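Enquirer: One structure coming up, written as structure tokens, with questions to follow.
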Amino acid sequence: MAKKIFNQIIDSLTIHGEPDNSLLECVKALSKQQLYEMGFNCRTFSEEELENITPDNLVNQIPLNIKNYYDFTPRELFLNALKIFTEQCKVELPLSEKIKKELDAIKDELFSDTGFLMSRGILFLFQNEGTVTPVLPKENAKIFAEILASDPELNHVGNMMDFHKYAAVLTQLYGICPVSIFMEIWNRDYPDKQISDKSEFKRLLKNCYSVTTHFYLVGNSLIAPQIQGRDVIDKIKEARMNLSVYMPSAEEIKECFNCYDYDEKSDAFRSIKQLLVRTTKESDYAEHITYSIFSMIKAGTDITKMEDFLMENFGVTFDKKTAPKFFQMLMAMGMQCHLWTKWGNTGITGLLNLLNEAKSL
């Protein structure tokens, strides 16, 4: 699924014409739609600014994207980018012997890195007379050279990665995570990196936002990318209006650092995925569907509608023997997992709270 998304980005942002190594000329070669799309991906422009975006606006933002890419992304992604620049773009950068050896050891596909770098205006792809040419503009190359000169072994790349991971994990826990709660939990767990000024915290969050794919920033909240539409946001907020916020420990948060869903290590996730693997005969597809199911349930979708949802969106149907098992698994999931409609509390926690309230009456 990720490969498909990034391939779509590459196709939509590829420039048809002769390559140029000037940043401004690369941006000027974008169509109006491509300029809008790249500006949208940078996530720093308002809707009004996007509607009237100019090449100069985007050119001024791209150096900040590179700085944020250095601060907020993992070291391995930064190394992958350097490999693309040196091998595919044929750009010479001041690489230390240690970094050269690390680049030589990289064997993974780089499609996602290429798509991401294109989406932020760091890398451009030109197609001309059947030849595809990746271009790292000279201005961008200069910034990367300066980074390597100041940090030749890249020991400090991703120095704000934990901040990025906390933002991603807490967004998946709550679905809609207010900045104030993120700030409270961050300061609790990182006393040596406390950020007491809310405006400074929001500035860092906006910098992180320009290079993340793990949340949207809407007003004073981080929104999970699976949540689409104002009506869904309002529904989640209304459902949890009178509930207390679940506060995870630092250890629990860090256990989810590499998870796409907060509950993907749960028995419920594993059981539903296994059922779908047997039904679809495709493990990756089954996992993708399981993530979608979890998002729908966490956002408050009635489990009785899930069978129709699977049929309409994924072509998945269950026989009479399997369907009851599927619904039992959904009910177990609702009890085990942290729900966006319950402020990150599990269904069983909510039930226990109701029982305790009843006892006190």
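Enquirer: Would you mind stating whether N65 is polar (S, T, N, Q), at pLDDT 95 or above, crowded, with 17+ Cβ neighbours inside 10 Å and under 19 Å from the mean Cα position of the chain (by Cα)?
Expert: yes
Enquirer: Which of the numbered conditions does E146 fail, given that it passes all the others? Conditions: (1) more than 30 Å from G300 (Cα to Cα); (2) assigned to a loop (DSSP other than H, G, I, E, B).
Expert: Unmet for E146, out of (1) more than 30 Å from G300 (Cα to Cα); (2) assigned to a loop (DSSP other than H, G, I, E, B): (2).
Enquirer: Now for a separate question. Going by the structure shown, is C177 closer than 30 Å to P63 by Cα and open to solvent by less than 50 Å² (accessible area, probe 1.4 Å)? Talk me through it step by step, then tell me what you get.
Expert: Details: closer than 30 Å to P63 by Cα: yes; open to solvent by less than 50 Å² (accessible area, probe 1.4 Å): yes.
In short, yes.
Enquirer: Within segment 210-222, track down each residue that is open to solvent by 10 Å² or more (accessible area, probe 1.4 Å) and at pLDDT 95 or above.
Expert: Hit for segment 210-222 is S221, nothing else.
Enquirer: Something else now. Does D56 satisfy the criteria of being open to solvent by 70 Å² or more (accessible area, probe 1.4 Å), assigned to a helix (DSSP H, G or I), out of contact with any Ser or Thr (no Cβ under 8 Å at 6 or more places or on another chain) and at pLDDT 95 or above?
Expert: yes
Enquirer: Shifting gears a bit: Can you work out which of the residues in segment 5-34 that are in a loop (DSSP other than H, G, I, E, B) and not acidic (D, E) is most open to solvent (accessible area, probe 1.4 Å)?
Expert: Going through the qualifying residues, I end up with N21.
Enquirer: Does at least one position in segment 137-151 carry a residue that is touching a helix residue (DSSP H, G or I) at 6+ places or on another chain (Cβ under 7 Å), surrounded by fewer than 17 Cβ atoms within 10 Å (Cβ to Cβ) and closer than 16 Å to E76 by Cα?
Expert: Checked segment 137-151: no residue is touching a helix residue (DSSP H, G or I) at 6+ places or on another chain (Cβ under 7 Å), surrounded by fewer than 17 Cβ atoms within 10 Å (Cβ to Cβ) and closer than 16 Å to E76 by Cα.
Enquirer: Pairs under 9 Å by beta carbon, first residue among the charged types (D, E, K, R) in segment 152-168, partner not in a helix (DSSP H, G or I), six or more apart or different chains?
Expert: Once the first residue is among the charged types (D, E, K, R) and sits in segment 152-168, its partners that are not in a helix (DSSP H, G or I) give E153/S96; D162/Y190; D162/F257; K165/H214; K165/C256; K165/F257; K165/N258.
Enquirer: Just to verify a result, which residue in segment 252-261, among those that are open to solvent by less than 20 Å² (accessible area, probe 1.4 Å) and either without any contact (Cβ under 8 Å) to a residue 12 or more places away in the chain or not in a helix (DSSP H, G or I) (or both), is nearest to T73 (Cα to Cα)?
Expert: C256
Enquirer: Filter segment 237-251 for residues that are farther than 30 Å from M160 by Cα and surrounded by 13 or more Cβ atoms within 10 Å (Cβ to Cβ) and give the result. Don't jump to the end; show me each part of the working.
Expert: Taking segment 237-251 and keeping what is farther than 30 Å from M160 by Cα, we get 238-243.
Across segment 237-251, the qualifying residues are A239, R240, L243.
Enquirer: Can you name the helices (runs of 4 or more DSSP H) wholly within segment 69-126 that have at least 1 residues being basic (K, R) and either touching a residue at least 24 places away in the same chain (Cβ under 8 Å) or open to solvent by 20 Å² or more (accessible area, probe 1.4 Å) (or both)?
Expert: Per the criteria, 75-83, 97-105.
Enquirer: Inside segment 138-165, can you point out the residues that are under 25 Å from the mean Cα position of the chain (by Cα) and either within 18 Å of H214 (Cβ to Cβ) or of a type in the set (S, T, N, Q) (or both)?
Expert: N140, N155, G158, N159, M160, M161, D162, F163, H164, K165
Enquirer: Oh, and also: So which residues in segment 133-151 are polar (S, T, N, Q) and touching a residue at least 60 places away in the same chain (Cβ under 8 Å)?
Expert: Across segment 133-151, the qualifying residues are T133, N140.
Enquirer: Residue under question is T131, and the condition is that it be in contact with a Cys (Cβ under 7 Å, 6 or more places away or on another chain) and either of a type in the set (S, T, N, Q) or modelled with pLDDT of 95 or more (or both); does it hold?
Expert: It is false that T131 is in contact with a Cys (Cβ under 7 Å, 6 or more places away or on another chain) and either of a type in the set (S, T, N, Q) or modelled with pLDDT of 95 or more (or both).
The values are calculated or read from the model by the stated rules, or taken from the named source; none is laboratory data. Note that the coordinates shown come from a computational prediction; the quantities given were computed from them, not determined experimentally. Every residue, glycine as well, gets a Cβ built from its backbone with ideal geometry; the counts of neighbours run over all protein chains shown. Quick note on the areas: whole protein, heavy atoms, side chains included, nothing else; ligands and nucleic acids left out. Shrake-Rupley method; radii C 1.70, N 1.55, O 1.52, S 1.80 Å.
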